[in-house]
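Engineer: Just passing along the structure, written as structure tokens.
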Amino acid sequence: MTETNDQADSDYKVTHLKRLSWSKGVSEAAIKEIAEIGQYVQIQDGEYVHRAEEELTKVLFVISGRLRATALDLFGKQVLERPLLRGAVFGLFSIAQPEQANTSLVATEPSTGIQLGMNQLLDLMSKHPDLQMSLFRLAANVVRQIVMVDRSKEQPSVVGVIHQTPASRPLTPRLVKRLMEIEAPPCVAGDDPNWQAIDGIPYRLLFENGNMLDSDQRRAQLKEWSDHGRIFIDLDTNHELSHLVQLVSFADTILWCIEPKDADAARQKLTLLQHEVPGWRDKICLVWLLDTETTVSPLNPDLSKLVERDFKISFNEPKQNYGRQLKGGFERIIHHLRGIQIGIALGGGAARGMAHLGVLNVLEENGIYVDMIAGTSAGAMAGTLYASGMDADHTVQCFKSDLTLPWPFRMLPAGGYWYLVYKYRRGQFDPMLRKYLADSHLEQLPIPMLTVTVDLVSGGPVVRQMGDATHGILESINLPGLSTPIIRDGEALVDGGLVNNIPADVLVSKGCNFVIASSVTAQLEREFVGIRADQELAKHKNPSLLQVIMRGYLVQSFNMNSVGVQPADFVIEPDVTAFDLAEFSRADEMAKVGEQVTLDAVNSIKKQLAKLDNALFPYS
């Protein structure tokens, strides 16, 4: 760790400090004192600022970069790990007990900060009550996040938008205009001499006559914008690598925009950048710009390894029978910038799972764009087709058409169940689903999709978020008794509802901070093949083996509702008990039930979301 005052004068440090979230409301005098007294430090990638069990004598105010804090218990076991980004302060909790700090802090990319001794900070806090209150609030926010009372995520202060293709240039103005509706106007620095001015948005060219502004000019611009909101850095990729390195290092998050034809060029450029700093992967998001005919991104595992996540968007209207999932990709980027990640968990329930499509349709129509879907069994099937971009209403009609009983099965008792057995045993679900999904992988879909299955070998759940999308569905819907286990890669896979019928917990583990659950098995009809508690025993019918299997599946799902669903923030429960488990021919009716119950719940969901981000989800 390099300590220097030569590279950062007091004014420069004040400028950086004023852009940090905790400094809002803190007096200029307090900030200037921190800048004058504090030591400006530069921390290299992989360098430790502090090691667990060493005496902690200084507090670090993070100015730029990304560090990782790891807390250990008395026996050296890791109990907590969290990233520290621009605006974080390390060491606040150790003011009361500096001699024992069981937390290590290491830079995961080149970072900068200002260090103060414990006594120096205590003196400043006693002189400046506003600083004291701000740091107390900051410490309280950390505690809330640790105990999950506060689920808010870090919001990037500096956003880099890098264009591998000129076609993505409209993205930055659209992001800026959308953010102006919900937060302080951002500033934009870029390389586009033809940038169209936006009222209220300061813009500065970063390059003059082909040369990037020097450090003094950049400092002056940063000082001028110190009281503004976010900064966007908007560039194409045709600049010198050294320039891109400087700008990527300054940004908190990067949106790297490409078209499918640019995949190899993007991989090469990102590889060069990450040779400089491997930790930059954690803040780079790929933005696939897709056209009307292409609803899934290319499969490029090497490129995927170089980014933390991706978004799929389109500026065009969807093609026939496809929904607005790609248009909604824009709002998912806004969610990311606002620290929001909404997930929806879709439970199993055979044909009754068609109600999920009505739920998804209404959420989208009411501006609640989900960032991630997890599904079990029928929830995996409905969710994956929706995540692929298919229109929900069209998907309902496809299920209704594909799974309507042929006449021989209509003649059989429990013919719907026998038809499912036939479809399973003849392998007909695979070609049925590939009509819509082709060979798409889960990671290519417009919305991230996770499917849940169970491995009979290990006895535990298996969550798929990559790999063949059709395989993900087939594994998750593979109901024991109707079909045999799918043997693949040393696993024997069956229906995920055996252990986790509504995988809300899976979404929480993937970082979602608001989770909706849709359960079609929350209610159970108190009748089975005509048998009811209030009916004489002599009048009952003898159930077939298939009816017993399907009823057993339903009863298990009903009793498993509490497993996995507990972390959900809102549960939608369409009452589809009037429909048989094999009655896919009434898919449209079940979807209508899902639509109505979700319409009734929309205001309540928005009220909950407002607690997380009232600016993005206003509720009065």
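The values are calculated or read from the model by the stated rules, or taken from the named source; none is laboratory data. Computed from a predicted model, the values in this text were never measured in an experiment. No Cβ is skipped: glycine too gets one built from the backbone with ideal geometry, and neighbour counts run over all protein chains shown. Heavy atoms of the whole protein, side chains included, go into the accessibility calculation; ligands, DNA and RNA do not. Shrake-Rupley method; radii C 1.70, N 1.55, O 1.52, S 1.80 Å.
Engineer: Show the residue pairs that are 6+ apart or on different chains and have beta-carbon atoms under 6 Å apart, the first residue being within the stretch 566-587 and of a type in the set (Asp, Glu), the second being assigned to a loop (DSSP other than H, G, I, E, B) and open to solvent by 60 Å² or more (accessible area, probe 1.4 Å).
Structural biologist: Listed by first residue and then by second, the contacts come to Asp575/Gln523.
Engineer: Gly383 - would you say it is touching a strand residue (DSSP E or B) at 6+ places or on another chain (Cβ under 7 Å) and not hydroxyl-bearing (Ser, Thr, Tyr)? Don't jump to the end; show me each part of the working.
Structural biologist: Details: touching a strand residue (DSSP E or B) at 6+ places or on another chain (Cβ under 7 Å): yes; not hydroxyl-bearing (Ser, Thr, Tyr): yes.
Considered against the rule, which asks whether it is touching a strand residue (DSSP E or B) at 6+ places or on another chain (Cβ under 7 Å) and not hydroxyl-bearing (Ser, Thr, Tyr), Gly383 comes out as yes.
Engineer: Residues that are part of a loop (DSSP other than H, G, I, E, B) and closer than 20 Å to Met1 by Cβ: does the stretch 76-86 have at least one?
Structural biologist: Step one: filter the stretch 76-86 for residues part of a loop (DSSP other than H, G, I, E, B), giving 76-77, 86.
Subset that is closer than 20 Å to Met1 by Cβ: 86.
Checked against the condition, which is being part of a loop (DSSP other than H, G, I, E, B) and closer than 20 Å to Met1 by Cβ, the stretch 76-86 yields at least one hit.
Engineer: Now a separate question. Looking for whichever is touching a Phe, Trp or Tyr at 6+ places or on another chain (Cβ under 7 Å) and among the hydroxyl-bearing types (Ser, Thr, Tyr) here; the options are Thr253, Thr295. Which one fits? Give the derivation first.
Structural biologist: On the way: Thr253 fails: touching a Phe, Trp or Tyr at 6+ places or on another chain (Cβ under 7 Å).
When all the criteria are applied, what remains is Thr295.
Engineer: Can you confirm whether the stretch 420-440 contains a residue that is in a strand (DSSP E or B) and under 22 Å from Ala345 (Cα atoms)?
Structural biologist: Going residue by residue through the stretch 420-440, those that are in a strand (DSSP E or B) are none.
For the stretch 420-440, residues in a strand (DSSP E or B) and under 22 Å from Ala345 (Cα atoms): absent.
Engineer: Tell me yes or no: at least one residue of the stretch 254-262 is modelled with pLDDT of 95 or more and within 30 Å of Val14 (Cβ to Cβ).
Structural biologist: So far as the stretch 254-262 goes, yes, one or more of its residues are modelled with pLDDT of 95 or more and within 30 Å of Val14 (Cβ to Cβ).
Engineer: Related question: Being part of a loop (DSSP other than H, G, I, E, B), open to solvent by 50 Å² or more (accessible area, probe 1.4 Å) and at negative phi narrows it down to one residue among Leu405, Leu412; which is it? I'd like the intermediate steps shown before the answer.
Structural biologist: On the way: Leu405 fails: open to solvent by 50 Å² or more (accessible area, probe 1.4 Å).
That would be Leu412, the only listed residue that is part of a loop (DSSP other than H, G, I, E, B), open to solvent by 50 Å² or more (accessible area, probe 1.4 Å) and at negative phi.
Engineer: Moving on. Give the stretch 237-274 a look and list any residue that's assigned to a strand (DSSP E or B) and over 26 Å from the mean Cα position of the chain (by Cα), or say none.
Structural biologist: Of everything in the stretch 237-274, nothing turns out to be assigned to a strand (DSSP E or B) and over 26 Å from the mean Cα position of the chain (by Cα).
Engineer: How many residues are part of a loop (DSSP other than H, G, I, E, B), open to solvent by 10 Å² or more (accessible area, probe 1.4 Å) and at pLDDT 95 or above if we restrict to the stretch 442-476?
Structural biologist: So the first thing to find is which residues in the stretch 442-476 are part of a loop (DSSP other than H, G, I, E, B), and the list is 445-448, 456-459, 465-467.
Retained after the next criterion (residues that are open to solvent by 10 Å² or more (accessible area, probe 1.4 Å)): 448, 456-459, 465-467.
Then drop every residue that is not at pLDDT 95 or above, which leaves 448, 465-467.
Within the stretch 442-476, residues that are part of a loop (DSSP other than H, G, I, E, B), open to solvent by 10 Å² or more (accessible area, probe 1.4 Å) and at pLDDT 95 or above number 4.
Engineer: Here's a follow-up. Go through Leu289, Leu306, Leu272 for me and flag whichever is closer than 23 Å to Arg68 by Cβ and touching a Leu at 6+ places or on another chain (Cβ under 9 Å).
Structural biologist: Details: Leu289 fails: closer than 23 Å to Arg68 by Cβ; Leu272 fails: closer than 23 Å to Arg68 by Cβ.
After ruling out the rest, the residue left standing is Leu306.
Engineer: Just to be sure I understand the filter: pairs with C-beta atoms under 6 Å, separated by 6 or more residues or on different chains, first member in the stretch 501-528 and of a type in the set (Phe, Trp, Tyr), second member surrounded by fewer than 24 Cβ atoms within 10 Å (Cβ to Cβ) and at pLDDT below 90. Which pairs pass?
Structural biologist: Pairs found: Phe528/Arg551.
Matching residues to (1) in a helix (DSSP H, G or I); (2) under 15 Å from Ile231 (Cβ atoms); (3) not polar (S, T, N, Q):
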| position | (1), (2), (3) |
| --- | --- |
| Thr172 | yes, yes, no |
| Ala184 | no, yes, yes |
| Ala189 | no, yes, yes |
| Asp192 | no, no, yes |
| Asp199 | no, no, yes |
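Engineer: Turning to a different aspect of this structure: Can you give me the number of residues within the stretch 28-40 that are crowded, with 20+ Cβ neighbours inside 10 Å and part of a strand (DSSP E or B)?
Structural biologist: The number of residues fulfilling the criteria is 1.
Engineer: Right, here's the next one. Among the candidates Ile182, Ile233, single out the residue that is β-branched (Val, Ile, Thr), in contact with a Leu (Cβ under 6 Å, 6 or more places away or on another chain) and surrounded by 18 or more Cβ atoms within 10 Å (Cβ to Cβ). Even if it seems obvious, please write down each step before you answer.
Structural biologist: Values: Ile182 fails: surrounded by 18 or more Cβ atoms within 10 Å (Cβ to Cβ).
From the options Ile182, Ile233, the qualifying one is Ile233.
Engineer: Taking Glu109 as the residue in question, decide whether it is at pLDDT below 90, under 34 Å from the mean Cα position of the chain (by Cα) and of a type in the set (Asp, Glu).
Structural biologist: Values: at pLDDT below 90: no; under 34 Å from the mean Cα position of the chain (by Cα): yes; of a type in the set (Asp, Glu): yes.
In short, no.
Engineer: Spot the failing condition for Val161; the list is (1) surrounded by fewer than 16 Cβ atoms within 10 Å (Cβ to Cβ); (2) modelled with pLDDT of 95 or more; (3) within 23 Å of the chain's Cα centre (by Cα), and only one is missed.
Structural biologist: For Val161, the failing item is (1).
Engineer: May I pose another question? Do you know which residues across the stretch 1-22 are under 23 Å from Leu105 (Cα atoms), modelled with pLDDT under 75 and either open to solvent by 40 Å² or more (accessible area, probe 1.4 Å) or of a type in the set (Asp, Glu) (or both)?
Structural biologist: Met1, Thr2, Glu3, Asn5, listed by residue number.
Engineer: Would you be able to tell me the number of residues in the stretch 295-334 that are of a type in the set (A, V, I, L, M), closer than 17 Å to Val161 by Cβ and open to solvent by 50 Å² or more (accessible area, probe 1.4 Å)?
Structural biologist: Adding up the residues that qualify gives 0.
Engineer: Among the numbered criteria (1) open to solvent by 70 Å² or more (accessible area, probe 1.4 Å); (2) at pLDDT below 95, which one does Lys177 miss?
Structural biologist: Against the list (1) open to solvent by 70 Å² or more (accessible area, probe 1.4 Å); (2) at pLDDT below 95, Lys177 comes up short only on (2).
Engineer: Right, here's the next one. Filter the stretch 87-106 down to residues that are more than 12 Å from Gly65 (Cβ to Cβ) and either at pLDDT below 80 or not in a strand (DSSP E or B) (or both), then give me how many there are.
Structural biologist: Of the residues in the stretch 87-106, 12 are more than 12 Å from Gly65 (Cβ to Cβ) and either at pLDDT below 80 or not in a strand (DSSP E or B) (or both).
Engineer: Here is a follow-up. Any residue at all in the stretch 260-282 that's under 15 Å from Ile333 (Cα atoms) and either open to solvent by less than 50 Å² (accessible area, probe 1.4 Å) or touching a residue at least 24 places away in the same chain (Cβ under 8 Å) (or both)?
Structural biologist: Taking the stretch 260-282 as the starting set, the residues that turn out to be under 15 Å from Ile333 (Cα atoms) are none.
Taking every residue of the stretch 260-282 in turn, none turns out to be under 15 Å from Ile333 (Cα atoms) and either open to solvent by less than 50 Å² (accessible area, probe 1.4 Å) or touching a residue at least 24 places away in the same chain (Cβ under 8 Å) (or both).
Engineer: While we're on this one: For Ser152, state whether it is surrounded by fewer than 17 Cβ atoms within 10 Å (Cβ to Cβ) and in contact with a Gly (Cβ under 6 Å, 6 or more places away or on another chain).
Structural biologist: On the way: surrounded by fewer than 17 Cβ atoms within 10 Å (Cβ to Cβ): yes; in contact with a Gly (Cβ under 6 Å, 6 or more places away or on another chain): yes.
Judged against the criteria, Ser152 is a match.
Engineer: Pick from the stretch 390-401 the residues that are in contact (Cβ under 8 Å) with a residue 40 or more places away in the chain, assigned to a helix (DSSP H, G or I) and not β-branched (Val, Ile, Thr): which of them is farthest from Leu357 (Cα to Cα)?
Structural biologist: The selected residue is Lys400.
Engineer: Then there's this: Name every residue in the stretch 509-533 that is at pLDDT 85 or above and of a type in the set (Val, Ile, Thr), in order of residue number. Talk me through it step by step, then tell me what you get.
Structural biologist: The first filter runs over the stretch 509-533 and keeps only residues at pLDDT 85 or above, leaving 509-520.
The answer is Val515, Ile516, Val520.
Engineer: Ok, one more. Sort out which residues of the stretch 560-605 are in contact with a Pro (Cβ under 9 Å, 6 or more places away or on another chain), hydrophobic (A, V, I, L, M, F, W, C), at pLDDT 95 or above and open to solvent by 10 Å² or more (accessible area, probe 1.4 Å), and write them in order of number.
Structural biologist: Within the stretch 560-605, Val593, Val597 qualify.
Engineer: Here's something else I'd like to know. Among the residues of the stretch 496-508, is any modelled with pLDDT under 70, outside any loop (DSSP other than H, G, I, E, B) and touching a helix residue (DSSP H, G or I) at 6+ places or on another chain (Cβ under 8 Å)?
Structural biologist: The first filter runs over the stretch 496-508 and keeps only residues modelled with pLDDT under 70, leaving none.
No, because not a single residue in the stretch 496-508 is modelled with pLDDT under 70, outside any loop (DSSP other than H, G, I, E, B) and touching a helix residue (DSSP H, G or I) at 6+ places or on another chain (Cβ under 8 Å).
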